[in-house]
Amino acid sequence: MIAFVCHPYHRGGITSWLKDIFVESLKTISDSSFITVFPEKPFISGGNRPSMVSFLNTTKNVYTASVDYGFELGTLDFRVSVYRNLIQKHVTPGSILVPSDDEACLRACCQLSDKYKVIGVIHSDDQAYFDLIQKYKSHLSSIASVSKRIKNKQVQENDSIPHEVIPCGIPMENFSIGSKSENIISWVGRIEEESKRVSDIPKIGFELKKVTDDWEMNIYGDGEPLSSLKEQTSFLKLENNMFFHGWSSFETLREKLSSTKVLLQTSNFEGMSISVMEALASGCMVVSSQVSGVEDLIEDSAADDIVYLYPVGDIAYAQKQLENALSNLNSNTPFQARKLAEKHYSIKVCLQSYIDLGLRSNVKNETYPISFKSKINTLISGFISKSRYLKHNLIQK
């Protein structure tokens, strides 16, 4: 009835959500399925990330094809053909298809849109996501946006397909509330400037330390700007307050969030941050730049004294909101945060919303075309991947 189509490696919040919603679907939908590929050897671009097959931690209704460097370094059309063949082989026609944010996955689904109901998901208000959905929009059965801002930006006059706001969800049972006795602040995500605006982290810490020294901030994540971020922290003499832990496992983050008072989010733009959901489920307050997703919460009075927003880049206001959050915590706050998460971000509610959207959607009369050029690109993909592989090896030497 519903199938999730995903690229081969775990890349963060979107793949975590795909795993969680698939595992949840297995509890109630006998023919739910997960389509992906399995790298025979680690991809050049894979880094230290786990493959989706290993990350899922289940083999039930998981359908894969083993692939080598020919998949990674070959043409987009070849990758599309692999996903398309897997869907046709293992997913019952008429089912709902939910592709990841990878273009090969989305195009493969849209090439089968006369047989399946394809839901395009817009995960962020980054322009690249809008461009991708716009490219394939005429072959989508419906659209799900993870926030109101994203939906409002995407919706156009005379849109004829269903479009709903469905935040990604998380399994609430995976998170618990621990002791909140210390003023612990956490920042979780990719160490990256364009979207996460990580350079604001030490600046906010510097302003907060002018007011109080009774806090510590733990930064969980990896990325290229990490070394410069550490240098800036040292320059501002924040080594006794701010600590960098690099990439951390889900189990570690779950434990650390349980004792965190406040999650700090400094982003330029977001979709609906998984970190915010996990923090609320762990009883944390949230101090965030006013970005997509989290800003929807302020429409709910239950978020008062739980969610604190500030204009993007406003360091002084961010510091003030952190100060407010740390001083306003009472014994009920963690449980109010948890209830807020359960109300808005339960994976059970998320799954049902996708099923309901799929049931209100229809297959399309025509599919995304497989052009003559696409067929040629698929045929010559092996030659292209070999040449790219050889070039890579020469560069490495």
Three-way shape label, region 341-389, alpha-carbon gyration tensor, a/c 1.5: oblate
Under 5 Å, built H, 5+ apart or other chain: amide partners of Asp125: Glu270, Gly271
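Would you please give the FRET efficiency between Ser176 and Ser234, computed as 1/(1 + (r/R0)^6) with r the Cβ-Cβ distance and R0 = 45 Å, to the nearest 0.05?
Details: r = 34 Å, r/R0 = 0.76.
According to the calculation, E is roughly 0.85.
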Estimated inter-spin distance, Asp222 and Asn328, nm [label 7 Å along Cα→Cβ]: 3.7 nm
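Looking at the chain, which longest stretch skips every one of the GluC sites (Glu not before Pro) that is in a DSSP loop with at most 13 other Cβ atoms within 10 Å, leaving the sites themselves out? Before the final figure, lay out the partial values.
Details: sites that count: Glu40, Glu157, Glu182, Glu194, Glu239, Glu366.
Excluding the exposed sites themselves, the longest stretch runs over 240-365.
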Within straight-line cross-link reach of Lys375, lysines at Cα separation under 28 Å, skipping those fewer than 8 residues along the same chain: Lys41, Lys89, Lys115, Lys117, Lys135, Lys137, Lys364, Lys386, Lys391
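Taking the highest mean first, how do the peptides 256-262, 309-315 order by number of other beta carbon atoms within 10 angstrom per residue?
Numbers: 256-262: 21.6, 309-315: 15.7.
Descending mean neighbour count gives 256-262, 309-315.
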Packing-based exposure ordering (other Cβ within 10 Å, fewest first) of Leu106, Leu359: Leu359, Leu106
Under-5 Å amide H pairs with Val67, H placed in peptide plane, nonlocal only: Phe38, Glu40
Region 80-206: relative contact order as a whole-number percent, Cα under 8 Å and 6+ apart: 16 percent
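Checking the a/c ratio against 1.5 first, then a/b against b/c, what shape does the Cα gyration tensor give for region 172-345? Working shown, then result.
Working: a/c = 1.39, a/b = 1.37, b/c = 1.01.
Rounded, because the longest to shortest axis ratio a/c is under 1.5.
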In sequence order, calculated HN-Hα J values of region 32-46 (Karplus, 6.51, -1.76, 1.60; Hz; x Gly/Pro): 5, 8, 10, 10, 7, 10, 10, x, 4, 10, x, 5, 4, 8, x
Most fluctuating residue given options Ser331, Ser141, Ser100, as computed from a GNM of the chain linking Cα atoms under 10 Å: Ser331
14 Å cut-off, amide nitrogen to a point 7 angstrom out along Ala65 Cα→Cβ, residues in region 1-38: 6-8, 35-38
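Just rank Arg84, Arg197, fewest to most, by other beta-carbon atoms within 10 angstrom. Please report the intermediate quantities before stating the final value.
Numbers: Arg84 21, Arg197 18.
Fewest-to-most Cβ neighbours within 10 Å comes out as Arg197, Arg84.
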Lysine pairs in region 172-345 with Cα atoms under 14 Å, if 8 or more residues apart or on separate chains: 9
Proxy reagent accessibility, fewest Cβ within 10 Å first, across Leu253, Leu322, Leu86: Leu86, Leu253, Leu322
Residues in region 105-135 that a label on Val363 would reach, taking backbone N under 20 Å of a point 7 Å out along Cα→Cβ: 106-120
Additional length obtainable on full extension of the chain from Val155 to Asp131, 0.36 nm per residue less Cα span: 7.3 nm
Packing-based ranking, highest mean first, of 110-117, 367-374, 217-224 given that Cβ atoms within 10 Å are counted: 110-117, 217-224, 367-374
Label-zone membership for region 1-16, site Arg388, 7 angstrom Cα→C-beta point, backbone N under 20 Å: 6-11
Of all DSSP beta bridges in the chain, antiparallel share, percent nearest 5: 5 percent
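Quick note: the coordinates plus some simple rules give every number you see, no bench work behind them. In this text the structure is predicted, and so the values were computed from the model without any measurement. So basically every Cβ, Gly included, is an ideal-geometry build from the backbone, and we count neighbours across all protein chains shown.
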